[in-house]
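Asks: Handing you this structure, nothing more for now.
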Amino acid sequence: MTIHPDRRSVLAGLAALGLADAHSTQASARGGRAPGIAVTIDDFDLSDTALMSGQERDAAIRAALMRHRIKAGGFVAGKYVDKVLSPRILSAWSDGGHIIGNHSFSHQYFSGKNPEELMSDIMKCEPLLSVYPGFRKLFRFPFLAEGKTAEGRDQMRALLKKHEYANAHVTIDTSDWYIDNRLKARLKADPKAQIGPYRRFYLDHIWDRATFYNGLAQSLFGHSIDHTILLHHRLTTGLFLDDMLSMFRKRGWRLTDAKTAFASPVLAMEPDVLPAGQSLVWSLAKADGRFEKLLRYPGEDGDYEMPKMDAVRL
């Protein structure tokens, strides 16, 4: 698959990759509608953490979504579903109008080997989720890994279609999980540690990755799109989701529902790249062939954030 936008849109998108916040918003406005962002949250490990229990964390996440009047997508790994807390929380998500999607049962990395095994794992998770009205046949690959071989990738795509599942693509990938790990380690060592510096680092990281992937989208399509951002059901989401959504709204982005974002034809694309996966925008840019110097692999990882956090002693 190759996309050939006009040269003006390519230059505008590439410029957006390195410009400041206001310039990024202005570029979006010149190209038409401002970028949209929908929240998707993976895993649903409801373990208690410092500062918040699993139930308190979930309540804070849903309160932030309600405050900003948006509906999210929650992608649940079956191994985290317990008999006590999960039914209450998943019912609350479903009753609140949020999507509940399948994140497999075992949450294993898919290299492309044994697609049938992964499909069985997906179907093992389905009965745990299909009892909720909010359940939709959307599958989010663990680690955004869709296979390192064309054969495995294509067999998996065929199996998902056979079982009427759509790929719940991410367009804005993040390393929120790594920031969360660092924050929890600090709180374990010092329960009275200040969280303000972690909040600032988190918001800067999210904004940096959002403007990067939106810049790629502008380059590819000549305009911004409705993005799906990848977050995890972790302490950082409980603490900072409200701040994150306020940031995007203040900087000119539209907050949109996950259902709306997933309905976009863009999110139905199947790039012909290997390894398959990562952010969908990353994969589309790789398939296009003109953005190799901008694309690192993997797209996001804790190794990229480690020296930055070390430098500011977080």
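Asks: Name the residues in region 81-96 that are open to solvent by 20 Å² or more (accessible area, probe 1.4 Å) and either assigned to a loop (DSSP other than H, G, I, E, B) or not acidic (Asp, Glu) (or both), would you? Steps first, please.
Replies: Here is the first cut: in region 81-96, the ones open to solvent by 20 Å² or more (accessible area, probe 1.4 Å) are 81-85, 87-88, 91-92, 95-96.
Residues satisfying the conditions are VAL81, ASP82, LYS83, VAL84, LEU85, PRO87, ARG88, SER91, ALA92, GLY96.
Asks: Filtering region 157-166 down to residues that are touching a residue at least 60 places away in the same chain (Cβ under 8 Å) and outside any loop (DSSP other than H, G, I, E, B), which residue is surrounded by the most Cβ atoms within 10 Å (Cβ to Cβ)?
Replies: ARG157
Asks: On to the next question. Hey, any hits in region 210-221 for a residue that's open to solvent by less than 40 Å² (accessible area, probe 1.4 Å) and free of Cβ contacts under 8 Å to residues at least 60 places away in the same chain?
Replies: no
Asks: So, ALA268, is that one farther than 20 Å from PHE212 by Cβ, open to solvent by 30 Å² or more (accessible area, probe 1.4 Å), touching a strand residue (DSSP E or B) at 6+ places or on another chain (Cβ under 8 Å) and aliphatic (A, V, I, L, M) or not?
Replies: Criteria met by ALA268.
Asks: Looking at region 97-156, which of the residues that are without any contact (Cβ under 8 Å) to a residue 24 or more places away in the chain and farther than 20 Å from PRO275 by Cβ is least open to solvent (accessible area, probe 1.4 Å)?
Replies: So the residue we want is SER130.
Asks: Residues to consider are THR236, THR260; find the one that is at pLDDT 95 or above, open to solvent by 30 Å² or more (accessible area, probe 1.4 Å), assigned to a helix (DSSP H, G or I) and of a type in the set (S, T, N, Q).
Replies: The conditions single out THR260.
Asks: Also, I was wondering about something else. Quick test for you: out of ALA34, ALA12, ALA92, pick the one residue that is aliphatic (A, V, I, L, M), more than 30 Å from ASP190 (Cα to Cα) and modelled with pLDDT under 95.
Replies: Testing whether each residue is aliphatic (A, V, I, L, M), more than 30 Å from ASP190 (Cα to Cα) and modelled with pLDDT under 95 leaves just ALA12.
Asks: State all residues of region 291-308 that are among the hydrophobic types (A, V, I, L, M, F, W, C) and touching a Lys or Arg at 6+ places or on another chain (Cβ under 8 Å); if no residue qualifies, say none. Working first, answer last.
Replies: So in region 291-308, the residues among the hydrophobic types (A, V, I, L, M, F, W, C) come out as 291, 294-295, 306.
Once the filter is applied, which keeps residues that are among the hydrophobic types (A, V, I, L, M, F, W, C) and touching a Lys or Arg at 6+ places or on another chain (Cβ under 8 Å), region 291-308 yields only LEU295.
Asks: Follow-up. Give HIS169, HIS227 a once-over and let me know the one that is crowded, with 24+ Cβ neighbours inside 10 Å, closer than 30 Å to SER120 by Cβ and touching a Ser or Thr at 6+ places or on another chain (Cβ under 9 Å). Even if it seems obvious, please write down each step before you answer.
Replies: Numbers: HIS227 fails: closer than 30 Å to SER120 by Cβ.
Of the residues listed, the single one that is crowded, with 24+ Cβ neighbours inside 10 Å, closer than 30 Å to SER120 by Cβ and touching a Ser or Thr at 6+ places or on another chain (Cβ under 9 Å) is HIS169.
Asks: Now, a different point. What are the residues in region 35-65 that are open to solvent by 50 Å² or more (accessible area, probe 1.4 Å) and under 19 Å from the mean Cα position of the chain (by Cα), if any?
Replies: Matches in region 35-65: ASP45, ARG62.
The values are calculated or read from the model by the stated rules, or taken from the named source; none is laboratory data. Treat the numbers as computed from the prediction; the structure is a model and nothing was measured. Using ideal geometry, Cβ is built from the backbone for each residue, glycine included, and neighbour counts are taken over all protein chains shown. For accessibility, only protein heavy atoms count, side chains too; no ligands or nucleic acids. Shrake-Rupley method; radii C 1.70, N 1.55, O 1.52, S 1.80 Å.
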